[in-house]
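Here's the structure, in structure tokens; my notes come after.
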Amino acid sequence: MTTGAPPPSRNAPRSRLRTLLPLALVVWLILEVWLLTRVAEATSGFTVFLLLLAGVVAGSALIKRAGRRALRKFQETVAQQQGITPETDRSGGNAFLLIAGLLLILPGLVSDVLGLVLLLPPVRTALARRAERSLERRMAAAGPGTFGGAFQQARTRAPDGKVVQGEVVHDDEPTRPGGRDDDPRPPLTP
């Protein structure tokens, strides 16, 4: 392993999310099946099929639209880096639109309702703010350091399974004959 992070302990407690997520998925699947059978009893199986098909079509169209918006934003970013100033779209991110489309594609009425609620702009705005605040809190709690600093300590495993710690030492390499001092390429050796 080449990161500076200590290896995970086998006796470390599991997070609440890792404990409750499988249970929540099972409860959600049972709720979806129960609700689909209730709607099928009240109407017909064909009506449920049409509802599920409409969800797949609407979700696919939504994902396609969000993908086009993401491509357009990427093209605008590239154009701005080249000095061209195109009109910018300030309608927000596409992540929640993609999630809404995926929820609509999933078979089930609860996921369809969640996908439709996620299409509402105030809901997307509130979730985006909450996600941004959560990310800022986590980044502040992470402490100072650089991404490259995480790789300054190397760990290797000895044949007996023990971890051997050490530091990465960068030796100054001599420059190539006729090469420049700031040349990032290493010299070619036969």
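Values in this text are rule-based calculations from the coordinates and carry no lab data. As the structure is a computational prediction, the values presented were derived from the model and not from experiment.
Run the numbers for Met139 and Leu119: contour at 0.36 nm per residue of separation, minus the present Cα-Cα distance, in nm.
That works out to 4.4 nm of additional length.
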In whole Hz, the Karplus estimates of ³J(HN,Hα) for segment 128-135 (6.51, -1.76, 1.60; θ = phi - 60°; x where Gly or Pro) are 5, 4, 5, 5, 5, 5, 5, 5
Diffing segment 27-36: the Karplus 3J(HN,Hα) column from phi (6.51, -1.76, 1.60, θ = phi - 60°), in whole Hz with x for Gly and Pro, holds 4, 5, 5, 5, 4, 4, 5, 4, 5, 5
Spelling it out for Leu106: with amide H atoms placed in the peptide plane at 1.01 Å from N, the residues 5 or more places away or on another chain with amide H under 5 Å from its amide H are none
In whole Hz, what ³J(HN,Hα) sequence does segment 40-56 give by Karplus (6.51, -1.76, 1.60; θ = phi - 60°), x for Gly and Pro?
-> 5, 5, 6, 10, 7, x, 5, 5, 5, 4, 5, 4, 5, 5, 5, x, 5
Residue span Thr77 to Arg130: 0.36 nm per residue of separation minus Cα-Cα distance leaves a gain in nm of 16.5 nm
